[in-house]
Amino acid sequence: MDMKNQNDKKQRNIQNTETQTLGTRKEGVSQKKFSTSQMTRIAMMVAFISAMSYVRVPLPFSEAAITGQTLALNVIALLLTPVEAFVTMLCYWLLGLVGAPVFGGMAGPGKLFGPGGGYFMAFMLAVVLIAKFRGERYSLGRCVLVTVLVGVLVIDGIGFVWLKFVTGMTWQAAFFAGLVAFIPLDVLKCVVACVVVKPLRRAMYMLDNTRV
């Protein structure tokens, strides 16, 4: 019994310290100057989402495709502060805009403003909203709820509307090709991201403390 109480107390102390670390990171961002550890996290997350963009499943009935980007986006939003997450997505967006092949081997304005461009635009908004509403303490249920209700609906919702106007599809065709077709796997990617992010948060917390 004493051992169980000690383990519970240790777990609470770790969670409290993680929350304090997150608060410290927020204070650092509010000073309008990124620390070395923050810049390292942003660079790592830009590389991560760039690599995940190569995980791609084309859909024969849609101009858009299922990719690993949304999984990466959820991980980014669940790990970083809203400002860090936004800067990460902005750097990723700009890299692709100037020609770096970070969109699954493709790049340039044609990709960003093509049929799938709405999803890229929505990334910027979704990553900030998820990071803002996920809460400071890790909760699997809350993370899943936020990533599904905010992430999936924002990204796929904006994406299908953009798809309709760029391609000239009917509303019904765009709705099914640009939203309904993505929901099952997008929800699965949300759950996977929420599960794997717990040990990643712990690892990030330990990394931050080794640099203090």
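The values are calculated or read from the model by the stated rules, or taken from the named source; none is laboratory data. Only a predicted model underlies this, so the values are computations on that prediction, with no experimental measurement involved. All Cβ positions, even for glycine, are placed from backbone atoms using ideal geometry, and neighbour counts span all protein chains on display.
Does T40 fit the bill of being modelled with pLDDT of 60 or more, surrounded by fewer than 17 Cβ atoms within 10 Å (Cβ to Cβ) and within 14 Å of I76 (Cα to Cα)?
Judged against the criteria, T40 is a match.
Is it fair to say C143 is of a type outside the set (S, T, N, Q), over 20 Å from F175 (Cβ atoms) and crowded, with 21+ Cβ neighbours inside 10 Å?
yes
Name the one entry in A131, A77, A126, A122 that is buried (at least 18 other Cβ atoms within 10 Å of the Cβ), touching a Pro at 6+ places or on another chain (Cβ under 8 Å) and touching a residue at least 24 places away in the same chain (Cβ under 8 Å).
Checking each option against the conditions leaves just A131.
Among the numbered conditions (1) among the aliphatic types (A, V, I, L, M); (2) more than 30 Å from R202 (Cα to Cα); (3) at pLDDT 85 or above, tell me where L59 comes up short.
The number of the failed condition is (3).
I'd like the full set of residues that are under 17 Å from T81 (Cβ atoms) and hydrophobic (A, V, I, L, M, F, W, C), limited to the range 131-149.
Passing the criteria: A131, F133, C143, V146.
Name the residues in the range 104-129 that are within 26 Å of P58 (Cβ to Cβ) and aliphatic (A, V, I, L, M), would you?
Residues of the range 104-129 within 26 Å of P58 (Cβ to Cβ): 104-127.
M106, A107, L112, M121, A122, M124, L125, A126, V127, listed by residue number.
Say we look at the range 89-112 and pick out the residues that are at pLDDT 90 or above and not in a helix (DSSP H, G or I); which of these is surrounded by the most Cβ atoms within 10 Å (Cβ to Cβ)?
Once the filter is applied, the top-ranked residue is V102.
Out of (1) in contact with a strand residue (DSSP E or B) (Cβ under 7 Å, 6 or more places away or on another chain); (2) surrounded by fewer than 18 Cβ atoms within 10 Å (Cβ to Cβ), the odd one out for R202 is which?
(1)
At pLDDT below 90, aromatic (F, W, Y) and either touching a helix residue (DSSP H, G or I) at 6+ places or on another chain (Cβ under 7 Å) or more than 19 Å from T147 (Cα to Cα) (or both), is that true of F48?
no
Among the residues of the range 147-184, write down those that are within 13 Å of N74 (Cα to Cα) and in contact (Cβ under 8 Å) with a residue 12 or more places away in the chain.
If the condition is that a residue be within 13 Å of N74 (Cα to Cα) and in contact (Cβ under 8 Å) with a residue 12 or more places away in the chain, then T147, V148, V150, G151, V152, V154, I155 are the ones that fit.
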